[in-house]
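**Q** Sharing a structure below in structure tokens format, with a few things to ask.
The values are calculated or read from the model by the stated rules, or taken from the named source; none is laboratory data. Worth saying up front: this structure is predicted, and the values here are computed from it rather than measured. Virtual Cβ from ideal backbone geometry, glycine too; neighbours counted across all protein chains shown. Surface areas here come from the heavy atoms of the whole protein model, side chains and all, with no ligands, DNA or RNA. Shrake-Rupley method; radii C 1.70, N 1.55, O 1.52, S 1.80 Å.
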Amino acid sequence: MLSRRTFALTSLGLAAAATLAACSSKSKDEATEEGKMALIVSDAGDAAAEALSKAVEAFTKETKVEVDVKPVSDVSQELARGITGEPSIDVVVLNPAQLSSYSGSLHSWDKGAAAVKDAHPALLTSATRQGKIAAAPRDVSTLALYINTSLWSAAGLSDSDYPTTWEQLDQVAAKLTSGGVVGLTLDASYARVGAFLVQGGGGLTSADGTKATASSEGSVAGLTQVKTLLSSGSAGWGADLPAGSAADAFGQGQAAMVIETEALTKTLADAYSGISYKVVELPAGSGGKGTLQFPTFYGVVEASKHKADAIKLVEYLTAAER
């Protein structure tokens, strides 16, 4: 169970923005049928898209309100042209960076509203812009340490050796590095390296986002830890390994450990089902435990012609049973 302390509130928008792909927009269904609400969601590897469609179908069956779920490759581009004037969008699934750009065009939620009242405080903080809750938290992913248990055992390591500190991470990464296998891999982005900054007691900004802290003592400590691992040869950037990415390097056995979100579990199941692995909490640094969170939200377009039903839809989708 992750504690509230474990969730890093620093630079959530930047962490999520680092994962955005720059691609042209394409709707699978360009035109929303007359009278239907339109809900847009990214089609870029969203494992929850099918579950979302099923939930929307259940909402329609219960309320008789029809909804057109439109997966698109570029949500930001759709937002730019679909929420002003006479909007063609009613509800949108968006990340913190998109929320920052378009919060002024979205419905603001009261703290006691059904869609937000039970949300984790960290997610409500991430959903708040200029003192207003601009969207309803949908879900959140976080970083963890994946361990190849076959390589782990071959290196003479046991369950008691799972690293809980930076020092222990250094030690096991060194033991796991041999025969063309690197002990630890991660992708060279703030969305991964940022966890070390937080573990050092720093980050890109303060918790309230008002002060830059990238050059703070804690941030430097986190970057120094990453540099130490890379310089020793017991860690490597995913792009520098033959597989070309940290996730694929782990799946192909080129790295014994990787720092990734739970999205990797689906990749492993689909493409690397033969690998045996264990997922553990990231080790604590000089500033304690820390990770990054990557939330998504439901935004209701303020000018929607179906606003009342759009609010009901988001309340339905954020209910505990969904």
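**Q** Calculate for the chain the 222 nm mean residue ellipticity that helices alone would give, adding -39,500 (n - 2.57) per DSSP H run of length 4 or more and normalising by residue count, nearest 500 deg cm²/dmol.
**A** -10000 deg cm²/dmol
**Q** Over the chain, with every protein chain in place, what whole percent of the accessible area is carbon and sulfur at 1.4 Å, could you tell me?
**A** C and S fraction of accessible area: 51 percent.
**Q** Taking only protein heavy atoms and a 1.4 Å probe, what accessible area per residue, in Å², does the chain have with all protein chains in place?
**A** Working: 14880 Å² over 322 residues.
That works out to 46 Å² per residue.
**Q** Run the dipole for segment 40-168 about the Cα centre, Lys and Arg Cβ at +1, Asp and Glu Cβ at -1, nothing else charged, and hand back the magnitude in debye, nearest 20.
**A** Charge dipole of segment 40-168: 480 debye, to the nearest 20.
**Q** Let me ask another. For the chain, what does the relative contact order come out to in percent, with C-alpha contacts under 8 Å and a separation of six or more? Could you put the intermediate results ahead of the total?
**A** Details: 632 pairs, mean separation 92.7, N = 322.
After rounding, I find 29 percent.
**Q** Remind me, relative contact order of segment 115-171 in percent, using alpha carbon pairs under 8 angstrom and six or more residues apart?
**A** Across segment 115-171, relative contact order equals 20 percent.
**Q** I want to check the label-to-label distance for Thr164 and Glu302. Put each point 7 Å from Cα in the C-beta direction and report it in nm to one decimal.
**A** Reported label-point gap for Thr164 and Glu302 is 4.9 nm.
**Q** Sticking with this one: Using a/c under 1.5 as the rounded threshold, could you call the chain rounded, prolate or oblate? The axes a ≥ b ≥ c are square roots of the C-alpha gyration tensor eigenvalues, and prolate needs a/b larger than b/c, oblate otherwise.
**A** Because a/c hits 1.5 or more and a/b exceeds b/c, the chain counts as prolate.
**Q** So, counting K/R as plus one and D/E as minus one, what does the shell of residues with Cβ under 11 Å around Asp110 add up to?
**A** Values: positive: Lys111, Lys117, Lys132; negative: none.
For residues surrounding Asp110, the net value is +3.
**Q** For Gln130 and Ala263, compute 0.36 nm times the residue count separating them, minus their Cα-Cα distance, and round to one decimal in nm.
**A** Roughly 44.8 nm would be gained on extension.
**Q** Can you work out the FRET efficiency for the pair Ala51 and Ser245, with r the C-beta to C-beta distance and R0 = 22 Å, to the nearest 0.05?
**A** Values: r = 26 Å, r/R0 = 1.17.
After rounding, the FRET efficiency stands at 0.30.
**Q** By the scheme Lys and Arg +1, Asp and Glu -1, what is the net charge of all other residues having a beta-carbon under 14 Å from that of Gly251?
**A** That sum, taken over residues with Cβ under 14 Å, equals -3.
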